[in-house]
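First comes the structure, then the notes that go with it.
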Amino acid sequence: MAAPARDELPIPDYDHLPVTGLGHRIRSLTEAEIDVLIAYETAHGNRLPVVNVLQQRRRALAEGAAPSGGDPTGLAPEVQGTPTAVDDASAGRVSPATQGPVQNPPAHGVPTNPAQPRSTG
């Protein structure tokens, strides 16, 4: 099979996918679409981990696995935008409502400060 052009790939952002996200993004592809990616990868980057992931999925499909639902062109978790949370607490941001209590460190030279070593003399 001749190497397809980049705009012929079943996943438009294929070149920018991390290897860790590739396995999830190819789950909905058919054997023919996986073959297109294998041909593209071996002709361009020929990255062994990527080729292995593609070949494993190709074998699984040949052994009877069915493509899963979903859209391989949709946003993957690794490239999605910021959360659409309404408040700071659910978005993981610190605000006056979600910050901890104020703690003043003890002054230096205070004999009751356990972090301050005492000199013995």
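We did not get these values from a lab; they are worked out from the coordinates using the rules stated. Because the structure is a prediction, the values reported are computed rather than measured. Here the Cβ positions follow ideal geometry from the backbone for every residue, glycine too, while neighbour counts run over all protein chains shown.
Scanning the stretch 27-46 for residues that are within 13 Å of Arg59 (Cα to Cα) and either of a type in the set (Val, Ile, Thr) or touching a Phe, Trp or Tyr at 6+ places or on another chain (Cβ under 7 Å) (or both), we see that the one that is surrounded by the fewest Cβ atoms within 10 Å (Cβ to Cβ) is Thr30. Listed by first and then second residue, the pairs with beta-carbon distance under 7 Å, at least 6 apart or on different chains, first residue in the stretch 32-57 and within 16 Å of Asp13 (Cα to Cα) and touching a residue at least 24 places away in the same chain (Cβ under 8 Å), second assigned to a helix (DSSP H, G or I) and basic (Lys, Arg), are Ile34/Arg57; Ile34/Arg58. Looking across Pro18, Pro10, one residue alone is touching a helix residue (DSSP H, G or I) at 6+ places or on another chain (Cβ under 8 Å) and surrounded by 15 or more Cβ atoms within 10 Å (Cβ to Cβ). It is Pro10.
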